[in-house]
1. Among the residues of the range 66-77, is any surrounded by 11 or more Cβ atoms within 10 Å (Cβ to Cβ), within 42 Å of the chain's Cα centre (by Cα) and assigned to a loop (DSSP other than H, G, I, E, B)?
2. Given the structure, is His84 touching a helix residue (DSSP H, G or I) at 6+ places or on another chain (Cβ under 9 Å), surrounded by 14 or more Cβ atoms within 10 Å (Cβ to Cβ) and assigned to a loop (DSSP other than H, G, I, E, B)?
3. Quick check on my filter: what residues within the range 228-245 are surrounded by 14 or more Cβ atoms within 10 Å (Cβ to Cβ) and either under 19 Å from Gly280 (Cβ atoms) or not aliphatic (A, V, I, L, M) (or both)?
4. Please determine, by comparing only the residues of the range 251-272 that are small (Gly, Ala, Ser) and surrounded by 19 or more Cβ atoms within 10 Å (Cβ to Cβ), which one is nearest to Gly190 (Cα to Cα).
5. Name the residues in the range 32-47 that are within 10 Å of Val105 (Cβ to Cβ) and in contact with a strand residue (DSSP E or B) (Cβ under 7 Å, 6 or more places away or on another chain), would you?
6. Go through the range 226-249 and give me each residue that's within 15 Å of Leu306 (Cβ to Cβ), small (Gly, Ala, Ser) and not in a loop (DSSP other than H, G, I, E, B).
7. Just one of Thr64, Thr83 is modelled with pLDDT under 90, of a type outside the set (A, V, I, L, M, F, W, C) and more than 30 Å from Asp191 (Cα to Cα); which is it?
Amino acid sequence: MGFGLFSGAASAELEKKQVLDCRYEAPVGEGYAGYAVHVHNSDCYDSYCELCCPLPCIPPHIHTDTCYNAEKELVCGKLELHTHTEDCYKDSVLTCTLPELEEHVHGEECFKTVIVEIDPDSDEETVVSEPEADLETEEDWAASVADAELTGDWNKDLLAVAQTQLGYEQSEKNIDVFDEFYGGHYTRYGDWYGYPYGAWCAMFVSFCLHYAGIPEEVFPYESGTVSWVHKLMRNGQFGKAREYEPVPGDIVFFDFDDGRADHVGIVIGTEDGTLKTIEGNHSTKVEEFSYPNYQSVTYILGYGILPKNGEENSLK
């Protein structure tokens, strides 16, 4: 069973299934054996009856008289299931000579959900998505921006939050193969906005606006670039390219083909005729990009202009 992108072939069958993904690690350190008693059962084999369990098969053992020699010395070479009790300690010091050995039986935490594509000719299964992979929580999102030092200057704060996100990459395992965002990848920005698998350039910027403390009531958030530009124009918060000089913390909109906004990023600044940005969904991760001769290129549509903290907008 491999992992690959969903081919989308009409004849291919998709199936959601549970597969063993045991990450159990036996406790180590003073008093522990460092591994667990485990006996393979049906959970340890895949649908092709091949062993997929990462744990060694170590049957449980209880010492009997045959395990000792005439001098009462243990000679069987096997370890017995043992959990330390109060009798194993003296003055809070472990005095027991038996290593603590526990038994591991696979439970729910040892399995993961995958979606497989089944080849109709060979019945070969290819994993096309792991719907539980790389998921994040609100706590994770807040932790990801914790290094941003907010000053109350919204332009600076937006850029500071964006810089904490550099290097974040869309999930290459958790891919939507059933829903409306067909083939989209999970991101924290889509999850935060409510479209976990959606195109995420605008949602990345909206995420940064939120964590920079910029209220949506004074500067709108959006998941789509076309509607976002329309809102900003109505609000007087949009500066057209070649009519407006961008500053750090502005939001830059790009038009690559059809006269409408296709993509969006955050302005780092300009230097020697080059516009520098931070963008999501330009590639698979949040990165910095540079655009030489930005004042004359046709693919920059314009800029979203943040109001000053406390002001309704910057252009009215």
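1. no
2. no
3. Hits for the range 228-245 are Trp228, Val229, His230, Lys231, Leu232, Asn235, Gly236, Gln237, Phe238, Gly239, Tyr244.
4. Out of the qualifying residues, it is Gly265.
5. Ala36, Val37, His38, Asp43
6. Gly239
7. Thr83
A quick yes/no check of all residues on (1) touching a residue at least 12 places away in the same chain (Cβ under 8 Å); (2) over 23 Å from the mean Cα position of the chain (by Cα); (3) exposed (fewer than 14 other Cβ atoms within 10 Å of the Cβ):
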| residue | (1), (2), (3) |
| --- | --- |
| Thr274 | yes, yes, yes |
| Ile278 | yes, no, no |
| His282 | yes, no, no |
| Lys285 | yes, no, no |
| Asn293 | yes, yes, yes |
| Ser296 | yes, yes, yes |
| Ile305 | yes, yes, no |
| Asn309 | yes, yes, no |
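The values are calculated or read from the model by the stated rules, or taken from the named source; none is laboratory data. Since the model is a prediction, treat every value here as computed from it, not as a measurement. As a convention, Cβ positions derive from the backbone with ideal geometry for all residues, glycine included, and neighbour counts pool all protein chains shown.
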